[in-house]
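A.B. asks: This is the structure I have questions about; it appears just below.
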Amino acid sequence: MTEKETSRGTGPLRREVLALGLGASVATIIPNIAMAAATQKTTERKQDMGFVKTKDGAEIFYKDWGHGQPIVFHHGWPLSSDDWDAQLMFFLEKGFRVVAHDRRGHGRSSQVAEGHDMDHYASDAAVVAEHLDLRNAVHIGHSTGGGEAARYVAKHGKGRVAKLVLVGAVPPIMVKTAANPGGLPIEVFDDFRKNLVANRAQFFLDIPSGPFYGFNRPDAKVSQGVIQNWWRQAMVGGAKAHYDSIKAFSETDFTEDLKSITVPTLILHGSDDQIVPIDDSAKLAIKLLKNGTLKIYDGYPHGMCTTHADVINPDLLAFVQAAG
């Protein structure tokens, strides 16, 4: 090698050094690229929201926020997961992972024509739980969502559920039958169906303006925003799903589900619930549970998770954090 070649760095030795250096750089870069790709893939798996498809083709919308122990929320008829806003934000700030989905035919989930019954609702909830790998979860269901949550825990929740909460929930059964003489007459639910078909938009204003939040009571503090938000959620869903769901929440018998549930279960109910009267729901359900606690709120309405979130949320948190 000449002095000229060495000084310019173009000789064989220089080329070997460059080759070795390039090889070392590649050896360093490749693992970093692989690690970045793996990190991206993990990030992609952790979605803040999305859809999961059921076996019969329904696409179920869900929210999945935060980390920690999962708190799973099941909404009432004819609403969506947005009805849990006050609870989602509360538990998120407390360090929990909060998950809520829109029932099939409701909210942003697909408006399928079939499957609007409690077995499908519970199965859909199981699909969400499996998709997100939810374990040691606390399930909280309101109204129709209470029935859905109870059936999910009874049929699909083994090994995944830590606790259950039923808020103003429909179990054990709403409609009046020979075995349930204190239930509401079938004519009540026939009127629901009639009004829904005749003018769903007006019907979905009348419910939140009146009995749902107790805004028909003389001393009620009426919130137009709450009324409009209820209407907004309801009208996004499908009329067929809402119609069929009336039968699902009123005529489904959850007696055997409640009897089979062994996880700690908290029942919260307002004494002035005009949608799901307490005497034929919570007061009967507590007798069927093996490990249940009933708390009654004097004068609270059906939609108390919204109107009295400042009281309900701390009580939910205390139950979630309690031992056992």
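Values quoted throughout were computed directly from the atomic coordinates according to the rules given, and no laboratory measurement underlies them. Keep in mind the model is a prediction, meaning the values are calculated, not measured. Glycine gets a Cβ as well: all are built from the backbone with ideal geometry, and neighbour counts include every protein chain shown.
A.B. asks: Calculate, in nm to one decimal, what Gln202 and Trp65 gain on full extension: separation in residues at 0.36 nm each, minus their alpha carbon distance.
C.D. replies: Contour length minus the Cα-Cα distance gives 45.9 nm.
A.B. asks: For Thr177 and Lys259, what is the calculated FRET efficiency with R₀ set at 22 Å and r taken between the beta-carbons, to the nearest 0.05? Present the calculation step by step, with values, prior to reporting the outcome.
C.D. replies: On the way: r = 18 Å, r/R0 = 0.80.
Here the calculated transfer efficiency is 0.80.
A.B. asks: Taking amide H positions as placed 1.01 Å from N in the peptide plane, with prolines and chain starts having none, which residues 5 or more places from Tyr297, or on another chain, fall under 5 Å of its amide H?
C.D. replies: Result for Tyr297 returns His269, Gly270, Ser271.
A.B. asks: For the chain, set up a Gaussian network in which alpha carbons nearer than 10 Å are linked by springs, and say which option among Gly303, Gly145, Gly57 fluctuates the most.
C.D. replies: Gly57
A.B. asks: Okay, next question. Among Lys94, Lys283, Lys63, which one moves the most in a GNM of the chain with springs linking Cα atoms closer than 10 Å?
C.D. replies: Its mean-square fluctuation being the largest, the pick is Lys94.
A.B. asks: Okay, next question. For the chain, what does the relative contact order come out to in percent, with C-alpha contacts under 8 Å and a separation of six or more?
C.D. replies: Dividing the mean separation by the residue count of the chain yields 17 percent.
A.B. asks: Mind checking which aspartates and glutamates have their Cα closer than 17 Å to the Cα of Lys55? Skip sequence neighbours fewer than 8 apart in that chain.
C.D. replies: The qualifying aspartates and glutamates are Asp102, Glu114, Asp117, Asp119, Asp124, Glu130.
A.B. asks: Next up: Counting other C-beta atoms within 10 Å, and keeping those with at most 13, which DSSP coil trypsin sites (Lys or Arg not before Pro) do you find in region 285-324?
C.D. replies: Here the trypsin sites (Lys or Arg not before Pro) that fit, given the DSSP loop and packing criteria, are Lys290.
A.B. asks: If you take every residue apart from Ile246 with its C-beta less than 14 Å away from the C-beta of Ile246, what net charge results, scoring Lys and Arg +1 and Asp and Glu -1?
C.D. replies: For residues surrounding Ile246, the net value is 0.
A.B. asks: Please work out how much length the chain gains when fully extended from Ala220 to Asp191, using 0.36 nm per residue of separation minus the C-alpha to C-alpha distance, in nm with one decimal.
C.D. replies: Fully extending the segment from Ala220 to Asp191 adds 7.9 nm.
A.B. asks: If you fit an axis through the alpha-carbon atoms of helix 12-45 and take the longest principal axis of the Cα set of the chain, what angle between them do you get, 0 to 90°, nearest 10?
C.D. replies: That works out to roughly 0 degrees.
A.B. asks: What nm distance separates the two modelled labels at Ala323 and Lys240, each placed 7 Å from Cα along Cα→Cβ?
C.D. replies: 5.3 nm
A.B. asks: Turning to a different aspect of this structure: Cα extents of region 49-321 along the three principal axes, largest first, in whole Å?
C.D. replies: Answer, in whole Å and largest first: 42, 39, 38 Å.
A.B. asks: How large is the convex hull of the Cα atoms of region 53-174 per residue, expressed in Å³ as a whole number? Don't skip to the end; give the middle numbers.
C.D. replies: Values: hull volume 11.4 nm³, N = 122.
Per-residue hull volume (Cα only) is 94 Å³.
A.B. asks: On to the next question. Using Cα springs under 10 Å in a Gaussian network model of the chain, which residue among Ala239, Ala125, Ala150 shows the largest mean-square fluctuation?
C.D. replies: Ala239
A.B. asks: Also: If r is the Cβ-Cβ distance from Lys290 to Val311 and R0 is 30 Å, what FRET efficiency results, to the nearest 0.05?
C.D. replies: 0.65
A.B. asks: Where does region 182-301 land on Rg(C-alpha)/(2.2 N^0.38 Å)?
C.D. replies: Output field value: 1.18.
A.B. asks: Relative to a virtual label point 7 Å from the Cα of Lys283 in the Cα→beta-carbon direction, which members of region 175-211 show backbone nitrogen distances below 12 Å?
C.D. replies: 182-183
A.B. asks: Under the rule of -39500 (n - 2.57) per DSSP H run of 4 or more residues, summed and divided by the residues of the chain, what mean residue ellipticity at 222 nm is obtained, to the nearest 500 deg cm²/dmol?
C.D. replies: Rounded to the nearest 500, the figure is -15500 deg cm²/dmol.
A.B. asks: Using per-residue counts of other Cβ atoms within 10 Å, averaged over each peptide, order 211-222, 166-177 from highest down.
C.D. replies: Sorting 211-222, 166-177 by mean packing, highest first, produces 166-177, 211-222.
A.B. asks: Right, another one. Applying the Karplus parametrisation 6.51 cos²θ - 1.76 cosθ + 1.60 with θ = phi - 60° to the phi angles of region 76-87, what ³J(HN,Hα) value in whole Hz is obtained for each residue in order, glycine and proline being reported as x?
C.D. replies: Rounded to whole hertz, the list is x, 7, x, 8, 9, 4, 5, 5, 9, 3, 5, 7.
A.B. asks: Per residue Cα convex hull volume for region 127-228, in cubic angstrom?
C.D. replies: Once divided by residue count, the hull of region 127-228 is 170 Å³.
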